[in-house]
Amino acid sequence: MKSFSKQLRHTMFHPGDGFTDFMEQGGKSLGFSALMVLLLFLVRIVQRQLTGFHFNDNRLEELNIFFVLIQTAGVFVLWVSCNWAISTLFEGKARFRDIWFFSAVALVPYVLSIVLSVLLSNILLPTESMFLTIVQAVGILWGLFLLVRGMMVFHDYTFGKVVWSGVMSIGLILVIVFVCVLAFSLFQQVFNFVDAVFRELIYRL
């Protein structure tokens, strides 16, 4: 079997064969998967803070690391969990760790595109912003292509079933996010009510 790095490079350009080899011969690295999620988190921080000032509208002093963590690692874990849950209803063959792995592989082009766009943003002029758009679009589309191929191989799905499973997974994600936001809002209102009552009691005493 090829080394992991060679197999990974092969998968980037031949995802059907590459993912099939990973599935049949093993070699799926959870360490690599965790590293990719960590890199996604780090490069999003780098993107926010170090993108050239011509293309950066963020308030650099207002960096919220927890919010970035939710946007990256949180969304990734939610995607893997929801896709696994949906796949159990649609006869998907991939295990949780399989979904975690091929989803992490799909992050590679996106992470690389962010790094490249940050570097270019400090060189290009504002009138050349289309190059940044192209780089980021290529990274996203390439990553989506890898994700689709990974789902087709590991779940043993047709393209149509991949699309349906993906839509259902995203729908489940939205439902979970809505419930979490609703629960947080309710908790905040209850906390404010209890705090107001407590302050009123203290004032009267």
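Relative to the longest principal axis of the Cα atoms of the chain, the long axis of helix 75-89 makes an angle of roughly 70 degrees.
When the Cα convex hull of the chain is projected onto planes of every orientation, the mean area is 15.7 nm². In this structure Ile176 has an accessible area near 60 Å², from a 1.4 Å probe over the protein heavy atoms.
Here region 11-77 and region 82-124 have alpha carbon centers that stand 8 Å from each other.
Helix 159-204 and the longest principal axis of the Cα set of the chain meet at an angle near 20°. Using just its DSSP H runs of length 4 or more, each adding -39500 (n - 2.57), the chain gives a mean residue ellipticity at 222 nm of -27000 deg cm²/dmol after division by all residues.
Nearest 10 degrees is fine. How inclined is helix 30-50 to the longest principal axis of the chain, computing both from alpha carbons? Computed tilt is about 60 degrees. Using only Cα coordinates, the Kirkwood hydrodynamic radius of region 1-114 works out to 15.7 Å.
Sorted from longest to shortest, the spans of the Cα atoms of region 101-184 along the three principal axes equal 42, 38, 21 Å. Selection among Leu8, Val43, Val177 by position relative to the dipole of the chain gives Leu8 as farthest towards the positive end (Cβ unit charges, Cα centre).
The accessible-area ordering, largest first, of the residues Tyr203, Tyr157, Tyr110 stands as Tyr203, Tyr110, Tyr157, per a 1.4 angstrom probe. For region 28-77, the alpha carbon positions stretch 41, 19, 13 Å along the principal axes, listed from largest to smallest.
As an exercise, find the ratio Rg/Rh for region 4-62 from alpha-carbon atoms, using the Kirkwood inverse-distance average for Rh. Walk me through the numbers on the way to the answer.
Working: Rg = 17.0 Å, Rh = 13.9 Å.
On the Cα set of region 4-62, Rg over Rh gives 1.22.
In percent, rounded to a whole number, the relative contact order of the chain is 26, using alpha-carbon pairs under 8 Å and six or more apart.
The values are calculated or read from the model by the stated rules, or taken from the named source; none is laboratory data. Remember, it's a predicted structure, so these values are computed and weren't measured experimentally. Backbone-built Cβ (ideal geometry, glycine too); neighbour counts: all protein chains shown. These area figures cover heavy atoms from the full protein model, side chains too; ligands, DNA and RNA do not enter into them. Shrake-Rupley method; radii C 1.70, N 1.55, O 1.52, S 1.80 Å.
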